[in-house]
Amino acid sequence: MKSILVIGMGRFGTYLAKRLAELGNQVMIADKDEETVNRLSHHFTDAIIGDCSCEEVLSEIGVNNFDICFVTMGDSFQPSLEVTALLKDMGAKHVVSMSASEIQSKFLLRNGADEVIYPQMDMAYKAAIKYNADNIFDFIKLGNDYGIFEIKVPREWVGKDVVRANIRKEYDLNVLAVKKGGTSAVFAAADYIFEEGDHVIVAGAFKAVDKLKD
């Protein structure tokens, strides 16, 4: 469990804060809009109404007590930049700031952000990869060339187990898990026999997944 502060209760900040709370973390939210904070406060450990670009407000919060401080004010760049810088100046341990553009990301990193998240770019990249191929259902990017992919089981794997399909040598991929009928993924043992309709979770290079046929 972590202690987390989320500043900015727009759509992204709200979704982020709620999910972090659902995962068992202690989440405090902050926003200058009283109506927004009052509407959401019952979901979280604590909530504060105030303009976090003011040093007095952040002092009241005690930002150095949180494991992570999220600044989710991407549509308001100047306040986001000011809050990010103030957080680091006041001893915040780890600051993650939301950006709406690449140039904003550069400024945020220069002004104290330990990490920058760029939801629009990330979602556009993910959508492009998914809809460029017919066999990819989901993926997690691990670098410029690698990722973890949820794919439709290729025809040539059906009826074979993980060893006989010779996936690592023939396809340069590592099988991590299998999903059946939309259920949660389960570990794929070496003797698991692939069936029609399986979704397979694999790790490897984008180009290796691109070569697979459905």
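The values are calculated or read from the model by the stated rules, or taken from the named source; none is laboratory data. This is a predicted model, so every value here is computed, not measured. FYI the Cβ positions are ideal-geometry reconstructions off the backbone, even for glycines, and counts take in every protein chain you see. Heavy atoms of the whole protein, side chains included, go into the accessibility calculation; ligands, DNA and RNA do not. Shrake-Rupley method; radii C 1.70, N 1.55, O 1.52, S 1.80 Å.
In this structure, is Ala113 closer than 22 Å to Glu82 by Cα and in contact (Cβ under 8 Å) with a residue 40 or more places away in the chain? For Ala113, the condition - closer than 22 Å to Glu82 by Cα and in contact (Cβ under 8 Å) with a residue 40 or more places away in the chain - is met.
Looking only at segment 151-160, decide whether some residue is open to solvent by less than 30 Å² (accessible area, probe 1.4 Å), within 21 Å of Ala185 (Cα to Cα) and touching an Asp or Glu at 6+ places or on another chain (Cβ under 7 Å). Talk me through it step by step, then tell me what you get.
Going residue by residue through segment 151-160, those that are open to solvent by less than 30 Å² (accessible area, probe 1.4 Å) are 151, 153-154, 157.
Checking which are within 21 Å of Ala185 (Cα to Cα) leaves us with 151, 153-154, 157.
Those left that are additionally touching an Asp or Glu at 6+ places or on another chain (Cβ under 7 Å): 153-154.
Yes, segment 151-160 has at least one match.
Would it be correct to say that Val6 is in contact with a helix residue (DSSP H, G or I) (Cβ under 6 Å, 6 or more places away or on another chain) and under 19 Å from Lys93 (Cβ atoms)?
yes
Tell me, please, whether a residue that is more than 23 Å from the chain's Cα centre (by Cα) and either under 30 Å from Ile148 (Cβ atoms) or crowded, with 16+ Cβ neighbours inside 10 Å (or both) can be found in segment 105-118. No, that holds for no residue. Pairing residues of segment 42-53 that are at negative phi with residues that are among the acidic types (Asp, Glu) and part of a loop (DSSP other than H, G, I, E, B), at Cβ distances under 8 Å and at least 6 apart in sequence or on separate chains, gives Ile49/Asp33.
Note on segment 78-95: among residues that are within 11 Å of Asn111 (Cβ to Cβ) and small (Gly, Ala, Ser), the one that is surrounded by the most Cβ atoms within 10 Å (Cβ to Cβ) is Ser80. Selection of first residues in segment 161-173 that are without any contact (Cβ under 8 Å) to a residue 40 or more places away in the chain and of a type in the set (Asp, Glu) and of second residues that are open to solvent by 30 Å² or more (accessible area, probe 1.4 Å) and outside any helix (DSSP H, G or I), restricted to Cβ pairs under 8 Å at least 6 apart or on distinct chains, gives the following pairs, ordered by first then second residue: Asp161/Ala190; Asp161/Asp191; Asp161/Tyr192; Asp161/Ile193.
Phe139 meets all of the listed conditions (1) closer than 16 Å to Leu212 by Cβ; (2) open to solvent by 30 Å² or more (accessible area, probe 1.4 Å); (3) of a type outside the set (A, V, I, L, M) but one, namely (2). Taking the criterion of being under 22 Å from Ile129 (Cβ atoms), open to solvent by 60 Å² or more (accessible area, probe 1.4 Å) and not in a loop (DSSP other than H, G, I, E, B), the only residue of segment 175-204 that qualifies is Leu176. Considering segment 54-77, the residues that are without any contact (Cβ under 8 Å) to a residue 24 or more places away in the chain and not small (Gly, Ala, Ser) include one that is surrounded by the fewest Cβ atoms within 10 Å (Cβ to Cβ), namely Glu56.
Restricting Ile148, Ile140 to those that are of a type in the set (Val, Ile, Thr) and touching a residue at least 40 places away in the same chain (Cβ under 8 Å) reduces the list to Ile148.
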